[in-house]
Amino acid sequence: MKKADFPKAVSDFLSVYLPSQRNFSKNTISSYCDTMKLFLRYCVEEKGCAIERLTLKQVNRAFVLSFMTWLERARHSSASTLNQRLACIHTFFRFVQMSYPEVLDQAQQILSIPFRKKTVPAIGYLNADDIKILLSQPNRHTRSGRRDLALLSLLYDSGARVQELADLTVASIRLEAPAQVTLLGKGSKVRVVPLMKHTVQLLQGYFAENHLDMPHKLQYPLFTNQRNEKLTRAGICYILKKYAILANKSHEHFPDPKSVTPHILRHSKAMHLLEAGVNIIYIRDILGHVDVSTTEVYARANMAMKQAALEKVSHISSCELPSWATDSSLLDWLDSFNKSLR
């Protein structure tokens, strides 16, 4: 009887390899766990495999490709999601080829499965007026409205990822000058982001109302729901979507609420810093990007700055420029070059 080594490999991958050898964060491991659960579900429901009997030998290149097809057709996964799932499978089989050399060739074949090509969408963001409209929606006369206003203001002002905001504790906020928030980002990297005066005022009111300035509450979640439980990513997204819908109803030019996500606020903060002339290195540090090339996408996407740059050199277009069509030496060279290619 063949040894069912696949379950043990998955267990060692998630509980030992990723946290201990790769030092992945809990959120990243959770994402990998989701992929592996989907894969096991596919094995049971589509392939009729009993998980406790599944072997690494059974999971070959064709098996993984059929899993990817199932994700695309049955679950309607986008190219980005498919690539994310495949990246997890690749990481798993890099672990497998080191721990189970008897399936090395099989692992190599799976690692050769290419990622899907995808078009890179234009970066969406809200302009300054849209941000003002969004932040004017929460009802300041209610306790939940004041919490939501503080939450949305901090989300925009800090440029935080939604999970970074959800993970904040009271101790993460410094309201004394210089006011700042300490964010725990990807790869457990910590960064400190300064806060604007208006956000600080909102947080001061929020702290006082909820008695968060007590020493014993330093490790309390910063934002909680009505059951006094930590707000989740889904909870934060729900709050943002609610006010985006209100903003769209009251202002016809406000963007479609479906496009307003926590990450759009992060993009908006980056764009507004760029438009204000903030050095892109500082923007990189505020956003927590590892490489400045990641931050440069904002500079490439900012049409207002492109237009301003073009206007600075617009006088060149009125100058008399030599025409290559009248340059006989250049035409002769092109003609001879063309003949040499035949």
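The values are calculated or read from the model by the stated rules, or taken from the named source; none is laboratory data. It should be emphasised that the depicted structure is a prediction, and the values quoted were computed from it without experimental measurement. Here Cβ is always computed from backbone atoms with ideal geometry, including for glycine, and neighbour counts include all displayed protein chains. The accessibility values were calculated without ligands, DNA or RNA, using every heavy atom of the protein model including side chains. Shrake-Rupley method; radii C 1.70, N 1.55, O 1.52, S 1.80 Å.
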Exercise for review: Select from the stretch 197-219 the residues that are in contact with a strand residue (DSSP E or B) (Cβ under 8 Å, 6 or more places away or on another chain) and surrounded by fewer than 18 Cβ atoms within 10 Å (Cβ to Cβ) and list them in ascending order.
Suggested key: Leu218, Gln219
Exercise for review: Would you please name the residue that is farthest from Leu104 (Cα to Cα), looking only at residues in the stretch 63-73 that are open to solvent by 60 Å² or more (accessible area, probe 1.4 Å) and free of Cβ contacts under 8 Å to residues at least 40 places away in the same chain?
Suggested key: Arg73
Check your understanding: Are any of the residues in the stretch 326-342 in a helix (DSSP H, G or I), of a type in the set (Phe, Trp, Tyr), open to solvent by less than 50 Å² (accessible area, probe 1.4 Å) and at pLDDT 55 or above?
Key -> no
Review point. Got a number for residues in the stretch 28-62 being assigned to a helix (DSSP H, G or I), without any contact (Cβ under 8 Å) to a residue 40 or more places away in the chain and open to solvent by 20 Å² or more (accessible area, probe 1.4 Å)?
Key: 10
Point to revise | Subset of the stretch 36-58 [of a type in the set (Ser, Thr, Tyr) and within 14 Å of Val10 (Cα to Cα)] | key: Thr55
Study note, to complete from the structure: Checked Ile113, Ile89 against criteria (β-branched (Val, Ile, Thr) and either open to solvent by 10 Å² or more (accessible area, probe 1.4 Å) or in a loop (DSSP other than H, G, I, E, B) (or both)); the one match is Ile113
Practice item. Search the stretch 231-265 for residues being β-branched (Val, Ile, Thr) and out of contact with any Phe, Trp or Tyr (no Cβ under 8 Å at 6 or more places or on another chain), and hand back the single one that is farthest from Leu155 (Cα to Cα). Key: Ile245
Study note, to complete from the structure: If we ask which residues in the stretch 134-165 are in a loop (DSSP other than H, G, I, E, B), in contact with a Leu (Cβ under 7 Å, 6 or more places away or on another chain) and touching a residue at least 12 places away in the same chain (Cβ under 8 Å), their number turns out to be 4
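Yes/no matrix, rows are residues, columns are (1) open to solvent by less than 40 Å² (accessible area, probe 1.4 Å); (2) not small (Gly, Ala, Ser):
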| site | (1), (2) |
| --- | --- |
| Met98 | no, yes |
| Gln106 | yes, yes |
| Gly124 | yes, no |
| Ile131 | yes, yes |
| Arg140 | no, yes |
| Ala150 | yes, no |
Check your understanding: Of the residues that make up the stretch 237-258, is at least one surrounded by 19 or more Cβ atoms within 10 Å (Cβ to Cβ), under 25 Å from Asn27 (Cα atoms) and not basic (Lys, Arg)?
Key -> yes
